[in-house]
Amino acid sequence: MSPQLVSVVIPTYNAIDTLDAQLQALAAQDYPNPFEVIVSDNGSTDHLEEFVASHPLTDQLDLKWVSAAGVQGASHARNVGVDHARGDFIAFCDADDTVHHNWLKSLTEIASRYDLVGTAVETSALNDEETRDSAGIASASSQGQSMFLPYVSGASMGCSRSAYLSVGGMDESLSASEDLEFSWRIQQAGLSLGYVPEPLVSYRLRSGMKSAFRQAFKLGAGSARVCSMYRAAGCPRIRIRDSVGPLLILTIANPVVLKPLSRISGQYWARQVGAHLGLIYGGLRHGAFRRAV
């Protein structure tokens with residue numbers, strides 16, 4: 001059964017430069033039924049409220065701005081957006097990506113069989129070749145796999161309002177990997193997860209060595225923390241040797257120091273180092289590592 005009304009929630013922080021492209025993509029959806037779009041502003045300082053209020057697609061998208069400035073983080077912004085939503089099905093996307101024309105239709109179709117749904121993403125449309133190659137994103141069929149339970153990305157996710165509220169929404173204590181934790185919590189509550197193995201969102205990666213490192217470190221530390229949260233439920237411990245070994249190799253192959261000899265790009269190196277250091281940091285801080293190295 002199709003939802004009576006869909007609410008699209010976009011957690012947003014200082015994203016005026018990219019938000020318009022996402023709104024244009026939402027206006028081009030082939031979804032035949034009504035939906036509203038909620039821009040949940042997590043304390044932006046770029047005059048986002050005025051931007052949304054004067055946007056030419058306001059009426060077409062049933063577009064509105066809501067303040068989510070109380071707590072920093074995408075989880076809080078999503079939760080506030082859901083609080084203001086009128087729909088019985090909530091779709092989530094990000095302000096710096098663009099959804100494909102059949103995104104909403106595909107989410108709602110699979111949502112008739114599952115409580116939480118998501119799709120694969122692609123990185124070819126919004127990123128240059130070096131940035132895209134540095135990420136090494138998994139194939140569409142394996143993007144939703146993890147070391148414990150399947151998950152869906154917050155960049156392309158949908159959930160019935162009743163299911164979302166029944167588990168308490170997203171964990172606002174998490175600054176990264178909150179979509180991973182939410183997916184696992186939904187399944188631990190006996191609810192179902194469905195996944196469309198087709199890239200239906202163009203995902204924007206962080207470019208440049210510093211940004212790539214920070215994003216990867218944050219995700220690595222966040223995933224380690226989530227793993228520690230679900231250890232009692234059966235999530236296996238992370239093996240520290242899986243990060244220490246690659247870090248030693250990456251140290252030797254540093255393209256900054258050995259630029260004439262190294263065959264890897266600076267962004268790839270920074271992203272890999274950030275991910276492994278993040279895992280080590282998060283694993284040590286939250287007790288996610290196996291005892292034996």
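Where in the stretch 100-188 are there GluC sites (Glu not before Pro) that are in a DSSP coil and have at most 16 other Cβ atoms within 10 angstrom of their Cβ?
Sites meeting the loop and neighbour criteria: none at all.
What are the ³J(HN,Hα) values, in whole Hz, obtained from phi via the Karplus relation 6.51 cos²θ - 1.76 cosθ + 1.60 with θ = phi - 60°, for each residue of the stretch 93-101 in sequence order, with x given for Gly and Pro?
In residue order, the calculated couplings are 9, 9, 6, 9, 10, 9, 7, 6, 5 Hz.
Given H placed 1.01 Å from N in the peptide plane, which residues other than close sequence neighbours of Leu63 have an amide H under 5 Å from its amide H?
The answer is Val37.
Tally Lys/Arg at +1 and Asp/Glu at -1 over every other residue whose Cβ is under 14 Å from the Cβ of Ser202; what's the total? Don't skip to the answer; put the middle values down first.
Numbers: positive: Arg132, Arg204; negative: Asp94, Asp96, Asp97, Glu122, Asp128, Glu198.
Charge balance near Ser202 sits at -4.
How many lysine pairs does the chain hold where the Cα atoms are under 30 Å apart and the two sit 8 or more places apart or on different chains?
So the count works out to 4.
Near the amide H of Ile240, under 5 Å away, which other amide H atoms are found, from residues 5 or more places off or on another chain, if H is placed in the peptide plane?
Here Arg290 satisfy the definition.
Where the only charges are on Cβ atoms (+1 Lys, Arg; -1 Asp, Glu), what is the dipole of the chain about its Cα centre, to the nearest 20 debye?
Numbers: 24 positive and 29 negative charges, 376 e Å.
Using only the charged Cβ atoms, the result is roughly 1800 debye.
Among Leu107, Ala233, Val201, whose Cα lies farthest out toward the positive end of the dipole of the chain, if unit charges sit on the beta carbon of Lys, Arg (+1) and Asp, Glu (-1)?
Ala233
Per the 1.4 Å probe, what fraction of the accessible area of the chain, in percent, lies on carbon and sulfur atoms? If you can, show how the numbers build up before the last one.
On the way: 7190 of 13510 Å².
Carbon with sulfur: 53 percent of the solvent-accessible area.
Share of antiparallel DSSP beta bridges in the chain, in percent to the nearest 5? Working shown, then result.
Numbers: 10 of 33 bridges.
Antiparallel bridges make up about 30 percent of those DSSP assigns within the chain.
Rounded to whole Hz and in sequence order, give me ³J(HN,Hα) for the stretch 193-203 from the Karplus expression 6.51 cos²θ - 1.76 cosθ + 1.60, θ = phi - 60°, writing x for Gly and Pro.
Once rounded to whole Hz, the list reads 10, x, 9, 9, x, 9, x, 10, 9, 8, 9.
Starting from the amide H of Met157, placed 1.01 Å from N in the peptide plane, find each other amide H under 5 Å away whose residue is 5 or more places distant or on another chain.
Phe92
Rounded, prolate or oblate, given the Cα gyration tensor of the stretch 24-95, with a/c below 1.5 counting as rounded? Walk me through the intermediate numbers first.
Working: a/c = 2.11, a/b = 1.31, b/c = 1.60.
The shape class here is oblate.
Using the 2.2 N^0.38 Å rule of thumb for compact globular proteins, work out how the chain stacks up: its C-alpha Rg over that value, please. Intermediate results must be reported in sequence, preceding the final value.
Values: Rg = 19.3 Å, N = 293, 2.2 N^0.38 = 19.0 Å.
That works out to 1.02 for the chain.
Excluding ligands, DNA and RNA, what is the solvent-accessible area per residue of the chain at a probe of 1.4 Å, expressed in Å²?
On the way: 13510 Å² over 293 residues.
Dividing the accessible area of the chain by its residue count gives 46 Å².
Assigning unit charges at the beta carbon (Lys, Arg +1; Asp, Glu -1) and nothing else, what dipole magnitude in debye, to the nearest 20, does the stretch 51-204 show about its Cα centre?
Values: 9 positive and 20 negative charges, 102 e Å.
It works out to roughly 480 debye.
The values are calculated or read from the model by the stated rules, or taken from the named source; none is laboratory data. Just so it is clear, the structure is predicted and the values come from calculations on it, not from any experiment. Note: ideal-geometry Cβ built from the backbone for every residue, glycine included; neighbour counts use all protein chains shown. To get the accessible areas, we keep the full protein, side chains included, count just its heavy atoms, and leave off ligands, DNA and RNA. Shrake-Rupley method; radii C 1.70, N 1.55, O 1.52, S 1.80 Å.
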